[in-house]
Amino acid sequence: MDILIILLITLCLWGAEFSSRGHDDYAGREQTTAVKGIFALLILMSHSRGYIDPEACAANGFLFTLLLDKLGQLIVVMFMFYSGYGIMEALKRDRRNYIATFSTRRLLKVWLLFAIAVALYVLLNFALGNSYPTGHILLSFTGWTSIGNSNWFVFVILALYLLTYVAMLAADRLGLSPRFIVAATYVLTALLLAGLVAAGKEVYWYDTMLAYPTGMLFSTLKPRIESALRGRRWLIAALAVAALFAACYAAGPYTPLTARPDATIIRRWAFHLAAPSLFALLVIILTMKLRIRNPLLYRIGVDAFAIYILQRLAMIAGTRLGLNSSPLLFVAAVTAATLLIAALYTKATKRLLTRK
């Protein structure tokens, strides 16, 4: 299993360039897409473990198990961060037009991509003889429930997009600056987080959400941050953020949220919720100097959303075929099949959604 991690590290370093002076496109489309490709592969590996005997997986992959255990939910953080960052960058380029088209080009498009994928899972379940209540199936098209597919991320990102849209409309109506949009999105994200906690959703539904408005905040402060991190100050900032992240990561939560959490639990959860945003900032700071230039990672990053929503098709099929009895074979087969399916899906849906 460890060979998979070694191959991933090789992909990251293949073609990578380190510049002490840094490069201007560290948050550009090419770089961010390649970074998404790295984490998309980690998501595939992580979810594949759920279909394999944990003891067999650990016995055959110490590094594989250690890395994925330590990263945990951090593997989705950059998707949250880059989503918030990308929205603010687009808003700065053409505010009026972006707000006018946001509901269709962002909200509706993402939902349609997800809904088509859920329909494929409906067909797969029918073929396998699996049944779900009608209400459960209908809710699965919102991401609130699952019929075997990955769902929580899509529900959360759609909810965050909707809340951002509300903030943008309010700012546009009142003539307020982008800073209001960021502040409002932080508040609305916190309310969404509280709502998911109250609804009894698992921790992974909400513990990375604050990275999204942090991406928006980074976009608004980007010129100042770049100016502040020139020269040796970059290294100081990298070390400081790394230390803060390590402290927050180690601080908690350790204890579940309860109806009336005490002060200790609240402090631990404050650290826990801050850690993902600090992780995202650390990745951003590192990519200011390190450019990922692997074309395969870029291609995988292009298909990252399709990989997420379609990955369990191959996992379910592989399990039915008994491939999960061999951890390495299963993960390798699932990864290869999912990358192919996702590439075809991205190409097909792009044609479908751009037809006039």
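Structural remarks
- Residue ID - farthest from L8 (Cα to Cα), chosen from residues in the range 273-282 that are out of contact with any Phe, Trp or Tyr (no Cβ under 7 Å at 6 or more places or on another chain) and buried (at least 22 other Cβ atoms within 10 Å of the Cβ): S277
- L323 meets all of the listed conditions (1) within 30 Å of I3 (Cβ to Cβ); (2) buried (at least 17 other Cβ atoms within 10 Å of the Cβ); (3) touching a residue at least 12 places away in the same chain (Cβ under 8 Å) but one, namely (3).
- Any hit, the range 204-213, residues being surrounded by 11 or more Cβ atoms within 10 Å (Cβ to Cβ), modelled with pLDDT of 95 or more and over 29 Å from K70 (Cβ atoms): no
- Members of the range 252-269 that are surrounded by 14 or more Cβ atoms within 10 Å (Cβ to Cβ) and either in contact with a Leu (Cβ under 8 Å, 6 or more places away or on another chain) or small (G, A, S) (or both): G252, I265, W269
- Restricting the range 1-19 to residues that are under 26 Å from G86 (Cα atoms) and over 23 Å from the mean Cα position of the chain (by Cα), the residue that is surrounded by the most Cβ atoms within 10 Å (Cβ to Cβ): G15
- Number of the exception - A242 against (1) in a helix (DSSP H, G or I); (2) closer than 24 Å to N97 by Cα: (2)
- Filter result (over 30 Å from P327 (Cβ atoms) and either in a helix (DSSP H, G or I) or in contact (Cβ under 8 Å) with a residue 12 or more places away in the chain (or both)) within the range 26-54: Y26, A27, R29, E30, Q31, T32
- From T10, T32, residue being β-branched (V, I, T), at pLDDT 90 or above and under 30 Å from L221 (Cα atoms): T32
- Single residue of the range 83-97 satisfying the filter (closer than 26 Å to A34 by Cβ and without any contact (Cβ under 8 Å) to a residue 24 or more places away in the chain) that is surrounded by the most Cβ atoms within 10 Å (Cβ to Cβ): A90
- Any hit, the range 136-158, residues being over 23 Å from the mean Cα position of the chain (by Cα) and not hydrophobic (A, V, I, L, M, F, W, C): yes
- Qualifying residue in the range 62-82 (condition: in a helix (DSSP H, G or I), surrounded by 14 or more Cβ atoms within 10 Å (Cβ to Cβ), acidic (D, E) and under 20 Å from the mean Cα position of the chain (by Cα)): no
The values are calculated or read from the model by the stated rules, or taken from the named source; none is laboratory data. These numbers were taken from a predicted model, which means no experiment stands behind them. Methodologically, a virtual Cβ is constructed for each residue, glycine included, from the backbone with ideal geometry; neighbour enumeration extends over all protein chains shown.
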